[in-house]
Amino acid sequence: MYFRLSIVFYIIILGCSSKKEQQPTQKNAPKIELLSKKNNFVAGDSITLLFKTEASNYNIKLQVKNAYGNTLLSPSKKENNQILFSLPKNYTRLAGPCRWKVLYNKEILLHGKLDIKTNTSKATYIESYFGPRSVTAGYNDYSMLTISPTDFYDNPLDDGTEVTVKYQFLENITELKITTQNFFSFYNVRSTLKSGRILVTSECNGTTSKELTTIVYPSNATNFSIQASSAHNYADGNQILTFTSDVIKDEFGNTVSNGTLVTFIIKNENNAHLYTIGTTLNGIVEAKTLHPDKASNWEVQAFVTGAAESNTIEYTFKSAIKDYPVTFSKGNRNIDIGPFESFMKQLVPDGILLKLDIYDKDGKFIETKKTTTKNGVCTIFLGEHFLPQGDYILKLEAAGISKEFKKNIHGN
Amino acid sequence: MAIKLNKALYRTILIATFIAINALIIFGIGSAWAFMNTGADKTSMLHLEVPMEDVYKPNMKWVNLENPGRPMEKQALGEITNDYMNAWHVRNIAYKKNDRYGIEDFYTDSARVRLYDHIDLNLKNNNWYKRTTLNHTASLDFYTADGTMVVFKDCNVEEYQETYEGKKLLFKEKDTTSYQVMMLLEDGFWRIRHLKEIPAPIDTTKIEKRNIKDKIKKIETIKGINYYPKDSSWDTFGKKFNDTIIKQDFKIINNMGLNTIRIFIQYEDFGKNNVNPKKLALLKKVLDIAQETNLDVLITLFDFYGDYDVSNWTLTHRHAETIVNAVKHHPALLAWDIKNEPDLDFESREKQRVIGWLEQMIENIKAWDKHHPVTIGWSSPEASVELANNVDFISFHYYREPSKFIDAYSTLRATIPTKPKVLQEYGMSSYKGLWNFYRGADEQEQLEYYTEMQSILKQEKIPYMFWTLYDFKNVPSSVAGSLPWKSKKQHFFGCLDTIGNKKPAFKVLSVN
């Protein structure tokens, strides 16, 4: 019995309590009515919301929300059972929906939405981006011009706004009209066959943008030809051999960009490879290398890596040094080589390489000594602690000329 | 003699002083040395990017990448997504603190002015906002040829917001808004240039209907137990995880005639928002064993979590999402219990905040898993009326006298007549000792308690889960503190003692 009674009791209590929870909202929910009828505005308009309510409810607040954030506003005017809220500038100036909620004691009494349109009449600003800022000549490449027009309050203009695009290349100026979509409009400025500069500009609602540029660079180099020249063709190890090309062009006849790297590969008669590099200036490349110090036969070809190659040319060097004297002294320990004379009997420039291979009398290799000429001569001294007394075979080699001597080395 | 003693005394004092001075000098030098070595980490010179992953992780997915500009690269998309999320995050923080910090990194010159205006205004009006977003569905409109500008729509952004004035929470709201966004790549940052609210597109995705009927039917017949292994109490998935022991225990439970167990997943133990796959594997193993031994499993999430703050909602969402999606198809899974006794946090964390978090989590789990009911393990029958309309069945705990149980239950039943109600935790400790002045129940009284409770539960056909299988040797201090007069009781709630001997109550709790 007690159990049942208690259930009934609890139900009653609960019933009461749940009613109690609801009552305050019914009783105290202030009556409020929106008097402002206007719902559509243009960005920058001053916006006020007027409500009719009882004077006791003046502590009503208004929460406004737009895409960037929220703010809680207090009434700016309260009189005659009316309260007025004025929206701050950061709400009136942003185009798009602006939502409001009337708050009273944690309750939302009313809510609504204002529609704020972009303000195209006041002024239009244009932000334009153009990129990439360089393209290569030909049929494939392009730069994209994106134009994002905004109104006076930095709101993106509505989709469908007309934008005029102008671009200039050499004598041609092209003008066309496009429309915005998703905040902006874009136009792909195609690359030209000739290298040069393309200038673009755009216009929207009478406002023009700044000038933007893309540079059309020449396309890849095509095959080219080279020549070699020098003061003489003697292999004196001193003179400089210069390689030059003709004007290197791309497939559309544009001279390749200055600084295009060209590699010259030289193959000599021993199939050894030498190389030298140069960069183009006005399409012509120049590269240099030193003459060899003995008679040689070179094959030369140049490459723009991955793009083009030249013809192969040959260059033959005559021997500059015909012969040289060798003098032994001090028990054959001191060897004086030279003077080396070049093709006009002049002394050779310093630095001609001389190599001496020493063998014992049975032809067993002992040692190599190397030295270079200075003032046309060079000297090798084979000291006692280095080579003991005895018979030796000495092989000399310089400027491609070999000489062999059998000597008894003695003394100190 | 006295002189000798004095001498020794002086000597001792002198030596002790000498050592003390030396120790002080060394300590001083050490401190100075340590001070010189503190300061910025050397790697800070490199200005490496600080990963933002652990602060803001709403669900963001791209549904369309087709655009007339340039094909979107995976790398760029990642950077855009990251910076877009950062933009939301710094804005949320800015509105919370009314501080401009970080805004300039993720908004262009003209966009940041708008935010500054808002911040200044809110600062003046003394109101601030706690905000977070939950879901983003982005669709690419345009990506420029040089990869420096992107326009996309972010549709149906679920935003949650609490409005504060001074320290007072005025109200909370949740809405869904769609935006169109233009971002520019400046100084290596993707920055928002334009942000405009657009009309929401018509959502054509078909939402699968929830079907929880058969699980609810099972819930109405729960005879179950709250389970922790005896040597790893409150740490089921810890280092001592041993599937053989769990299997033995589950067999015991099954042999007792019980059909359900309740297990707990700790928020931090499972790796917060980056759920540890190893822990997930262990969870699956436990479910597998439960399936083998014919037990259904009620999983309690977010154990030992107690923040509920809006700023880390998204992290908890990612945590739950991973776990729910990993095991939602497992046949042994019975239902989701979102949080154990959250009403105990009402005081310290504000009721509004806790309820807000729970409400959202219920909604999320219902969306991720259409086939399992959701509940909250309230600490008392009185507390369990909270969110009764949102949960699929009511769970409450009861540790008071058995004689008053029926009253409390009747009240609850009268308030919420329609939904199944589970007594999710009850029990009695058999600790009677020094720390409670021999006032607690002994094993015999535990038996009496259970005898009384079981007869009530049987009579009223109330589904139940008692606490617990074993007496525990160790109880972590995070459960009941480290003071013995508070924690001692926690060790003796079992129907088996610490070595597995049956206590008298075991018989009453066995249904067979």
Given A:Leu94, A:Tyr275, B:Gly28, which one lies farthest toward the positive end of the charge dipole of the protein assembly as shown, if we put +1 on the Cβ of every Lys and Arg and -1 on the Cβ of every Asp and Glu?
B:Gly28
Violating pairs (Cα-Cα greater than 29 angstrom) within the set B:Lys251/B:Lys366; B:Lys272/B:Lys502; B:Lys239/B:Lys458; B:Lys206/B:Lys328:
B:Lys251/B:Lys366; B:Lys272/B:Lys502; B:Lys239/B:Lys458
Cβ charges +1 (Lys, Arg) and -1 (Asp, Glu), total dipole of the protein assembly as shown, debye
3060
Built amide H within the under 5 Å cut-off of B:Ile394, gap 5+
B:Lys421, B:Val422
Qualifying lysines (Cα of each under 19 Å from Cα of B:Lys7; at least 8 residues distant if same chain)
none
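How big is the Rg/Rh ratio for the stretch B:360-426, C-alpha atoms only, Rh by Kirkwood, two decimals?
Details: Rg = 12.5 Å, Rh = 12.4 Å.
Dividing the radius of gyration by the Kirkwood radius yields 1.01.
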Whole-percent pair-distance distribution, where bins are 10 Å wide, for the alpha carbons of chain A
4, 13, 11, 10, 9, 9, 8, 8, 7, 7, 6, 5, 3, 1, 0
Farthest toward positive dipole pole in the stretch A:124-217 [+1 Lys/Arg, -1 Asp/Glu at C-beta], among A:Gly131, A:Pro156, A:Ser185
A:Gly131
When only C-alpha pairs under 8 Å and at least 6 residues apart count, what is the relative contact order of the stretch A:31-117, in percent?
33
Subtract the Cα-Cα distance of B:Lys370 and B:Ser487 from 0.36 nm times their separation in residues, and report this length gain in nm to one decimal.
38.2 nm
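With the contact rule set at Cα under 8 Å and sequence spacing of 6 or more, what percent relative contact order holds for the stretch A:124-217?
Values: 242 pairs, mean separation 33.8, N = 94.
Relative contact order of the stretch A:124-217: 36 percent.
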For the Cα atoms of chain A, what angle does the longest principal axis make with the long axis of helix A:2-28, in degrees from 0 to 90, nearest 10?
80
For the stretch A:105-118, in residue order, the Karplus 3J(HN,Hα) values (coefficients 6.51, -1.76, 1.60; θ = phi - 60°; whole Hz; Gly and Pro = x) are 6, 6, 10, 8, 8, 9, 8, x, 9, 9, 10, 10, 8, 5
Amide H neighbours of B:Glu186 under 5 Å, at least 5 residues apart or on other chains, H built in the peptide plane: list them.
B:Arg191
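Convex hull over the alpha-carbon atoms of the stretch A:124-217: what's its volume per residue in Å³? List each step's numbers first, then the result.
Details: hull volume 7.8 nm³, N = 94.
With only Cα atoms used, the stretch A:124-217 gives 83 Å³ per residue.
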Descending Cα extents along the principal axes, the protein assembly as shown, whole Å
142, 104, 75
Would you kindly derive the ³J(HN,Hα) couplings of the stretch A:245-259 from the backbone phi angles with the Karplus curve 6.51 cos²θ - 1.76 cosθ + 1.60 (θ = phi - 60°), listing them in order in whole Hz, with x for Gly and Pro?
10, 7, 5, 8, 10, 8, 5, 9, x, 7, 5, 4, 4, 4, x
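Shielding of B:193-200 by partners, i.e. mean partner chain Cβ atoms within 10 Å per residue?
Details: counts 7, 9, 6, 11, 10, 3, 1, 0.
Whole-number average of other-chain Cβ neighbours for B:193-200 is 6.
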Let me understand the stretch A:328-397 better: what is its radius of gyration from the alpha carbons, and its Dmax, in angstrom?
13.4, 41
Between B:Ala326 and B:Ser110, what is the spin-label point distance in nm, taking each point 7 Å from the Cα along the Cα→C-beta axis?
4.8
Size of the stretch A:78-127 along its principal axes in angstrom, Cα-based, largest extent first?
46, 23, 14
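How many percent of DSSP beta bridges within the protein assembly as shown run antiparallel, rounded to 5? Intermediate values should be presented prior to the final figure.
On the way: 170 of 213 bridges.
Roughly 80 percent of the beta bridges in the protein assembly as shown run antiparallel, per DSSP.
Within 10 Å of each Cβ in A:67-78, how many Cβ atoms from other chains are there, averaged over the peptide?
Numbers: counts 10, 13, 12, 11, 11, 11, 3, 3, 0, 0, 0, 0.
Neighbouring Cβ atoms belonging to other protein chains average 6 per residue here.
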For the stretch A:344-349, just list the computed ³J(HN,Hα) in residue order, Karplus coefficients 6.51, -1.76 and 1.60, θ = phi - 60°, integers in Hz, with x standing in for Gly and Pro.
10, 6, 7, 5, 5, x
Determine the shielding of peptide A:141-150 by partner chains: average, over its residues, the number of Cβ atoms on other chains within 10 angstrom of each Cβ.
3
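How much length, in nm to one decimal, is gained on full extension between B:Ser44 and B:Leu65, taken as 0.36 nm per residue of separation minus their Cα-Cα distance? Working shown, then result.
On the way: separation 21, 0.36 × 21 = 7.56 nm, distance 3.60 nm.
Gain on extension, B:Ser44 to B:Leu65, equals 4.0 nm.
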For the stretch A:226-319, what is the relative contact order in percent, using Cα pairs closer than 8 Å and at least 6 residues apart in sequence?
34
For A:Ile284, the residues 5 or more places away or on another chain with a placed amide H closer than 5 Å to its own amide H are A:Ile248
So how long is each side of the stretch A:226-319 along the principal axes, counting just the alpha-carbon atoms, biggest first, in Å?
45, 25, 15
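Computed from the coordinates by the stated procedures, all read-outs in this text should not be read as laboratory data. The shown structure was predicted, so the numbers you read here are calculated from the model rather than taken from an experiment. So basically every Cβ, Gly included, is an ideal-geometry build from the backbone, and we count neighbours across all protein chains shown.
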